[in-house]
Amino acid sequence: MVGFDPDDVSRFRLYIKEPYGMVLVTGPTGSGKTTTLYAALNEIRNEEDKIITIEDPVEYQLHGIVQIPVNEKKGLTFMRTAIYLASRSRQDHGRRDP
């Protein structure tokens with residue numbers, strides 16, 4: 001991963017493979033946030049796990065990933081979407097039914 005210290009890359013790869021949690025990537029425009037997150041999603045996606053993203057905007061469609069676009073006009077903000085997903089995760093735990 002470009003611009004990452006080797007130790008940071010190792011930690012990042014470890015964190016993205018955890019079964020629960022959230023990864024938040026911040027930085028100025030053009031700093032590689034989208035590239036970093038889409039690379040991470042491509043690395044961890046599989047047929048078993050349900051991965052959901054909240055994006056503003058959805059820049060690339062990724063097969064096997066549920067991508068939710070933020071829509072402020074309809075009240076679909078990052079916060080409301082995150083709260084909804086957190087409440088659903090207590091019921092679902094992210095696993096797809098066989």
Looking at TYR38, TYR15, TYR20, which is the one that is under 14 Å from the mean Cα position of the chain (by Cα) and touching a residue at least 60 places away in the same chain (Cβ under 8 Å)?
TYR20
Would you point out the residue of region 48-69, among those that are within 14 Å of THR34 (Cα to Cα) and among the β-branched types (Val, Ile, Thr), that is surrounded by the most Cβ atoms within 10 Å (Cβ to Cβ)?
ILE54
Members of region 5-30 found to be assigned to a loop (DSSP other than H, G, I, E, B) and open to solvent by less than 70 Å² (accessible area, probe 1.4 Å), listed by number:
VAL23, VAL25, GLY27
Take region 30-67 and flag every residue that is at pLDDT 90 or above, among the aliphatic types (A, V, I, L, M) and farther than 14 Å from LYS17 by Cα.
VAL58, LEU62, ILE65, VAL66
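The values are calculated or read from the model by the stated rules, or taken from the named source; none is laboratory data. Quantities reported herein were computed from a predicted structural model and do not represent experimental measurements. Glycine also receives a Cβ, built like all others from the backbone with ideal geometry; neighbour counts cover every protein chain displayed. Accessible surface areas use protein heavy atoms only, side chains included; no ligands, DNA or RNA. Shrake-Rupley method; radii C 1.70, N 1.55, O 1.52, S 1.80 Å.
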